[in-house]
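Data block below; observations after.
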Amino acid sequence: MSGGERAVLVRLGLGDPVRPGDLEEFHALACSAGAEPVATITGRRDRPDPRYFVGSGKAEEIASAARAADAQLILVDHPLTPSQQRNLEKLSGVRVLDRSGLILDIFAQRARSFEGKLEVELARLKHLSTRLVRGWTHLERQKGGIGLRGGPGETQLETDRRLLAARMRSVTRRLERLKQQRDTGRSARAAVPVPSVALVGYTNAGKSTLFRALTGSDVYIANQLFATLDPTVRRLRLPAPVVIADTVGFIRELPHELIAAFQATLQEAREAQLLLHVIDASDPQRDEHIGEVNAVLREIGAGAIPQLRIYNKIDRLGLAPRLERDADLQASRIWLSAAEETGLEWLRAAIAERLELQVRRRWLRLPASAGALRARLYAADVVRAERSREDGALELQVELPAAELAAWAAQPGVHLLTHAASVPHAASAAHAGTAPQAAAATAPCAAQEGYLESVAAPDSSAVRY
């Protein structure tokens, strides 16, 4: 869509009158795409008309409004079949775009990363493929008969189909390669386990504003629908490090082509341990929007991931920040204002609570062959002390949340010590003159005892800081 196109907006209430909130959202969508709304046509029908979707009388009204306003575009806030779209274009003489096509156009304008552009292209190609058949009226298949079978129209249409299918395969292959690269990076991050959190929510609920308030990241923020598409991932410092991702916003009747194409981008939500569901508290349709977001989350396979609901924009309601708990006394709802950065301390505390991020200091025993594992622990900046055993094994004192501590302890050959002391330790390089038996003399337990919980090291001479 070229910027500044004069557009007639069409919205019907199917079974019910048109709701003002739906009309305002569609107007915002049109403006986000760069259109200039010059007229709005509304109506009510029990069911869509198979020819025009809106009925013949309403179709004539739309065509007259487009001519009177000198519009170049008609935007219909409903999904249209290819024949309905073509019939409206033939009647009005101007281009017609349905809701799916409009959202795809916005995504095409906003995508910035290479992967995002490919995902949008694949979605548009899939959308176009449903409209290619019988769409080329000047090249329709000729009637059968001697000397008339397989005319040039059929040849051109088949060529278009083949080229479209080839392009879709090419884009899909490139996306698969990018997905492999993303999976490789995710595997590398998983080698140093850090809890991940994803921001999800209805578009324009304030996710990016909250992301900037939490992380200080200079992400793009604008009061428009789908201001950001490409996911942004940053580290968030709580009692322990957390990875937080800002994802694309959802909307009602999100085209299935987009959901299918954005699987790689939405994977940040699927891989998260906790979803921060950002809600515009000032929106009168917030409950409906919550349902729309949850429906998309179920569709992408993220419906079972625990959620923390964030009621944003409370400054518009004059409310004070607060934390609410559910029947199990678990933090479940946070009321805050990301724009004014009030209530963020409640949110940080709730994230730490839900992810069990209270840090614990424990000792891990690693076999002598686990040099790579030791390096990963140091890379994660969680090692607070280290000592060597006479048998070559290493014992590291680490600070980690319970869940991460359990993940590290589950690595092959790693043990979580019952007590900090153990059998005699070898002298470290920093304490070469220390007798190895000194550590053994003060050891409160023998090496063969179980591994449950650790305490502080009893002999500082055997510890390297």
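Quick rundown of the values:
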read-out: Among residues of the range 28-47, those that are in a loop (DSSP other than H, G, I, E, B), over 30 Å from the mean Cα position of the chain (by Cα) and closer than 21 Å to ILE103 by Cα, counted; value: 0
read-out: The listed residue being under 21 Å from VAL278 (Cα atoms) and in contact with a Gly (Cβ under 6 Å, 6 or more places away or on another chain), out of ALA338, ALA331, ALA352; value: ALA338
read-out: Residue satisfying condition, being surrounded by fewer than 16 Cβ atoms within 10 Å (Cβ to Cβ) and within 30 Å of THR418 (Cα to Cα), within set ARG354, ARG360; value: ARG360
read-out: ARG51, sole failed condition from (1) more than 14 Å from LYS90 (Cβ to Cβ); (2) assigned to a loop (DSSP other than H, G, I, E, B); value: (1)
read-out: Restricting the range 318-340 to residues that are modelled with pLDDT of 95 or more and out of contact with any strand residue (DSSP E or B) (no Cβ under 9 Å at 6 or more places or on another chain), the residue that is farthest from SER196 (Cα to Cα); value: GLY318
read-out: Helices (runs of 4 or more DSSP H) lying entirely in the range 367-449 (those with 2 or more residues that are modelled with pLDDT under 85 and more than 30 Å from LEU238 (Cβ to Cβ)); value: 436-441
read-out: All positions within the range 1-13 that are in a strand (DSSP E or B) and touching a residue at least 60 places away in the same chain (Cβ under 8 Å); value: ARG6, ALA7, VAL8, LEU9, VAL10, ARG11, LEU12
read-out: Flag if GLU25 is in a helix (DSSP H, G or I) and either in the same structural domain as GLN285 (by TED's automatic domain parsing) or free of Cβ contacts under 8 Å to residues at least 40 places away in the same chain (or both); value: no
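The values are calculated or read from the model by the stated rules, or taken from the named source; none is laboratory data. Since the structure is predicted, the reported quantities are computational estimates derived from the model, not experimental observations. Neighbour counts are summed over all protein chains in view; Cβ atoms, including those assigned to glycine, are modelled from backbone coordinates with ideal geometry.
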